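Notes follow once the structure below has been shown.
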Amino acid sequence: MLTVWYLQMFEHNGRTVPPPRQGLAVTHARHPTVAYYRFIYDLVGADYDWTTRKKMSDEQLAVHLSNPLMETHVFSVDGVPAGFADFDRRVPDEIEMVQFGLARDFIGQGLGKYFLQQMIDLAWSYQPKRFWLHTCSKDHAAALPNYQKARFVLYHEEVKE
């Protein structure tokens with residue numbers, strides 16, 4: 001059984017999260033190669049059975065990654081890829097954060113809270129009316145609570161067999 005939670009916010013959460021350490025950076029990977037994208041996708045998603053992008057052929061993924069309204073943001077710690085987030089900005093006035101997460105070696109250090117706030121700040125810089133995401137029971141146990149602490153509000157829940 002799988003539970004999927006859908007969360008949203010309609011305004012910036014007003015939070016400020018200081019960096020928990022030195023050497024943190026978020027980079028907009030404007031034209032990631034398919035190989036690089038697959039690397040960071042697996043780096044973050046392998047432990048959580050992420051499969052959506054794995055089902056895409058290299059050609060399909062290349063087209064997806066070339067769309068300027070699909071954004072990939074890589075979170076680095078001392079120059080090492082530690083996580084990433086994907087934004088889908090194709091629907092006017094809203095942004096979906098399709099992917100978000102940290103690699104296993106970087107969990108439990110306060111980095112997720114900081115990275116999430118960086119993504120919230122970035123999303124609201126585009127001035128959408130709605131910023132939303134979904135997570136599921138296969139994701140890290142801290143995912144749903146972290147989104148809720150960041151003031152995302154649960155608006156729908158699905159249970160799938």
Open item on the list: Looking at ALA103, ALA29, ALA62 in this structure, which one is closer than 30 Å to TYR155 by Cβ, touching a residue at least 12 places away in the same chain (Cβ under 8 Å) and in contact with a helix residue (DSSP H, G or I) (Cβ under 6 Å, 6 or more places away or on another chain)?
Closed with: ALA103
- [ ] Please give the number of the condition VAL44 fails out of (1) within 19 Å of ASN146 (Cβ to Cβ); (2) in contact with a Pro (Cβ under 7 Å, 6 or more places away or on another chain).
- [x] (2)
TODO: Kindly indicate whether any position in the stretch 10-23 is assigned to a strand (DSSP E or B) and under 18 Å from the mean Cα position of the chain (by Cα).
DONE: no
Task: In the stretch 149-161, the residues that are touching a strand residue (DSSP E or B) at 6+ places or on another chain (Cβ under 7 Å) and either at pLDDT 95 or above or of a type outside the set (D, E, K, R) (or both) - done: ARG151, PHE152, VAL153, LEU154, TYR155, HIS156, GLU157, GLU158, VAL159
TODO: Answer yes or no: is there a residue in the stretch 28-36 that is part of a strand (DSSP E or B) and either of a type outside the set (Asp, Glu) or at positive phi (or both).
DONE: yes
Task: Number of the exception - THR27 against (1) modelled with pLDDT of 95 or more; (2) surrounded by 14 or more Cβ atoms within 10 Å (Cβ to Cβ); (3) under 15 Å from the mean Cα position of the chain (by Cα) - done: (2)
Open item on the list: For the stretch 37-55: of the residues being free of Cβ contacts under 8 Å to residues at least 60 places away in the same chain and surrounded by 16 or more Cβ atoms within 10 Å (Cβ to Cβ), which is nearest to GLY110 (Cα to Cα)?
Closed with: VAL44
Open item on the list: Looking only at the stretch 1-23, count every residue that is in contact with a His (Cβ under 9 Å, 6 or more places away or on another chain) and of a type in the set (A, V, I, L, M) and tell me the total.
Closed with: 2
Open item on the list: Tell me whether the stretch 118-136 contains one or more residues that are in contact with a Leu (Cβ under 9 Å, 6 or more places away or on another chain), within 28 Å of TYR36 (Cα to Cα) and assigned to a helix (DSSP H, G or I).
Closed with: yes
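The values are calculated or read from the model by the stated rules, or taken from the named source; none is laboratory data. Predicted, not measured: the structure shown is a model, and the values here were computed from it. Here Cβ is always computed from backbone atoms with ideal geometry, including for glycine, and neighbour counts include all displayed protein chains.
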